[in-house]
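The values are calculated or read from the model by the stated rules, or taken from the named source; none is laboratory data. Being a predicted model, the structure only gives us computed values, none of them experimental. Using ideal geometry, Cβ is built from the backbone for each residue, glycine included, and neighbour counts are taken over all protein chains shown.
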Amino acid sequence: MAAGHSTQQSATVDQSIRRNVVISSGITALGGLLFGYDTGVVSGALLFLKNDFGGLSSFQQELVTSLLLVGAAVGALFAGRIADRIGRRPTVLVTALIFIVGVLLAAFSPAFAVLLTARVVIGLAVGSASMVVPLYIGEAAPPSIRGGLVSLNQLAITIGILVSYLADYWLSDTKSWRLMFGLAAIPAVLLFVGMLFQSESPHWLVMRGRDDDARRVLSRLRAPEEIEPEIAEVHRVTEMEHLRTRDLLTPTLRPLIAIGVLLAIFQQITGINTVIYYAPTLLQEAGFGTHASLLANVVNGGVNVIMTIIAIRLLDRVGRRTLLLIGTVGMAVGMFVTAFSFAGGEQLHGAAAVTAILGLLIYTGSFAIGLGPVFWLLIAEIYPLTIRGAAMSVATIANWAANFVVTISFLTIKNAIGAMGVFLLFGSLTLVALLYFWREVPETKGRSLQQLEQDLTGRAVSAGGR
Ligand code: BGC
């Protein structure tokens, strides 16, 4: 009877802990929603924006799209160090404020130059959010459900993208690009207010010697018997590793930095944002009507969300590495199917049109189950605590820089080598990515961040051979 009682008690503790971490992660993941919305919204907004400000050239339109990505790289550069120095929570609060300022500036831009400035400002916040959200959630999460929780961020990104497509679609009658941009103020305010009620990351607190504060925070996030061992373990790894930013390239850390940076680059050069940002343009050029192209875009956004939900359910069971490998195979298949649908020419009809859409859906769904969430999850898991923020920054900057390069050059490359050529190129790059993932990416499922730190830095030293 006593045993029955205690099992019941620990079940309720588990449940309330689960509720606390899910709520806290959900609020923080609003940062991911803003990331998705602000990157996705421009595709539709451009259609109306280009007739404003006395008419915009193609180059001016590219600037509106890609300056956000430049801002994001800069935001990621600073956010990591700031998060290591002042804490994860204040960094999210500042990020939310920058979002609010940027979004309002964009919505009320009196001149084109102001709009461009606003896009850079929003980019700073997107870049910062893209790394500090997984960082914060990763440190607050119990190891057994960390994969799913951190990936709430990726889910929020995909929901943000889908909502932005729907907003573009619904507001297209009003032609109000200002409202399309301005709607993002709502989640930005919610993020700021929600974050006011959140606590600082327990690991950051321990790192700063604030054990009592960490204990208080952990009492809401862990079973009572897990708290002291976790604090002790965080102390142990922090004392072992007195790492500074300049240590990022030492033989111990270099292999881990390489994994983060290469995952980042592969996430982008395998083409995801050419689909996310340009699918309607591509389909229109292939002969689809405007309505059909936008609808296909919404369906693609929906598949992205649904497959991310499935990934969240599987990451802590099947493992990150397995999902990454399966997803990457699917991405290659999707790209090759899309490529061959253009075998009969740049215009698609009948079966070829259906094949192209199917290929794109297979590709996006496979990205969503693997490389999409797994990149952001792994970079929140594989780095030692004392430089986690800085190391995640490096991988995040690589992600935004690669995104920028692909986004700015995609249409030009497609015009030069044709749709089939460009998708064959992405398919081949995906195969290279697959080989790399298979050889180098470790499994991180189920182990504490402290255990991982010990195993991976040990492994890195022996791999470095020094
Ligand atoms: C990528 C973004 C991409 C999004 C699509 C994220 O993991 O970093 O660049 O737009 O997934 O769902």
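Quick look at the values:
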| read-out | value |
| --- | --- |
| Residue match in region 433-451 (condition: on the phi < 0 side of the Ramachandran plot, of a type outside the set (Phe, Trp, Tyr) and within 16 Å of the ligand (Cβ to nearest atom)) | yes |
| Residues of region 156-192 that turn out to be away from the ligand (no atom under 16 Å from the Cβ), in contact with a Leu (Cβ under 9 Å, 6 or more places away or on another chain) and polar (S, T, N, Q), as a count | 1 |
| Single match in Ala140, Ala129 (criterion: at pLDDT 90 or above, within 24 Å of Phe404 (Cα to Cα) and crowded, with 17+ Cβ neighbours inside 10 Å) | Ala129 |
| Residue within region 40-48 that is more than 16 Å from the ligand (Cβ to nearest atom), surrounded by fewer than 19 Cβ atoms within 10 Å (Cβ to Cβ) and not in a helix (DSSP H, G or I) present | no |
| Number of the exception - Ser393 against (1) touching a residue at least 60 places away in the same chain (Cβ under 8 Å); (2) within 14 Å of the ligand (Cβ to nearest atom); (3) crowded, with 24+ Cβ neighbours inside 10 Å | (2) |
| Those helices (runs of 4 or more DSSP H) lying entirely in region 281-381 with at least 3 residues within 24 Å of Val163 (Cα to Cα) and within 13 Å of the ligand (Cβ to nearest atom) | 290-314, 350-369, 371-381 |
| Matching residues, region 409-432, being closer than 27 Å to Pro134 by Cα and either buried (at least 21 other Cβ atoms within 10 Å of the Cβ) or within 16 Å of the ligand (Cβ to nearest atom) (or both) | Leu429, Thr430 |
| The one condition in (1) in contact with a Phe, Trp or Tyr (Cβ under 8 Å, 6 or more places away or on another chain); (2) modelled with pLDDT under 90 that Ala76 fails to fulfil | (2) |
| Flag for Arg146 being in a helix (DSSP H, G or I) and farther than 30 Å from Leu385 by Cβ | no |
| The one condition in (1) surrounded by 23 or more Cβ atoms within 10 Å (Cβ to Cβ); (2) modelled with pLDDT under 95 that Met331 fails to fulfil | (2) |
| The listed residue being of a type in the set (Ser, Thr, Tyr) and in contact with a Phe, Trp or Tyr (Cβ under 7 Å, 6 or more places away or on another chain), out of Ser130, Ser109, Ser151 | Ser130 |
| Hits in region 231-257 (condition: without any contact (Cβ under 8 Å) to a residue 60 or more places away in the chain and either within 16 Å of the ligand (Cβ to nearest atom) or outside any loop (DSSP other than H, G, I, E, B) (or both)) | Ile231, Ala232, His235, Glu239, Met240, Arg246, Leu249 |
